[in-house]
1. Can you grab the distance from the C-alpha centre of segment 130-161 to the C-alpha centre of segment 60-80, Å, no decimals?
2. With Cβ to Cβ distances under 15 Å as the rule, what net charge do the other residues near residue 119 carry (K, R +1; D, E -1)?
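What follows draws every value from the coordinates through simple rules; no lab data is involved. What you see is a predicted model, and the numbers here were worked out from it, not measured in a lab. Methodologically, a virtual Cβ is constructed for each residue, glycine included, from the backbone with ideal geometry; neighbour enumeration extends over all protein chains shown.
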Amino acid sequence: MKRHLRVIEEFSIVEQHYADLNWLCIDNGFPAEPTASVTRLYLTYVYIMPELRMTSAEIFYFDEPGRQNTDTVIDLVSKSLRKTGIGTVIIASSSGETALNAIEHWSNACSNVVVVTSHAGFAGENMLDMKQETEEKIKLTGAKLVRASHVLSGLERSFTRKFHGVSRTEVVSETLRALFGQGMKVCVEISVMASDSGAIRCGDEEIIAVGGTGDGADTACIIRPAHANDFFRFEVREIIAMPRRKRNSGYK
């Protein structure tokens, strides 16, 4: 069996169309052994093994969540862009500080940077978290800016505040936050916001999403984006970096 497995690997029979493993053995100077086990091995390799092929990748874990991880995340995303050839990065940035820092580092590796900021009124009625001058700086780099309702709270939060209880949307939000951290929840949320605004395309074209806990960035992942009305087609395909601990003393 080991000998035949070596033959299979050496001669790449998936790309050859032998009707039977015995002929492969004979053609390459090995004794033919017409046994059921050999045939099963052949069929397994040809028809099952292609489904089991995999990709290996590193995941970087931070001890704690928070803005102290920002520079490392930006650097890791730069490396991932060069390695994967992905052309779009989405990054959450309320004030714009993190976004401008990231854009400077990604300028030679990424053709499409999308900055997603908090919606108008997030901090108070009619208030914007990002200053106009910062917004203009971001746009001058060629990056897109998205300001939209937060898809994992939005209108539902008004009902919760007024009538109490909890909505299904907020359950999704809190589940992501509790199991995978605030940064991962943000990555998912901003990707849907960017999709619904038309800043990125949905489908099987992968993008990188970057989010954080409070300020800065501590999480990055490769995703398959989806619209809000098709949320369950969303996929987190790879994690580039994330905190091991999902909470810290400064964030609830």
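1. First find each Cα centre; the distance between them is then 22 Å.
2. -4
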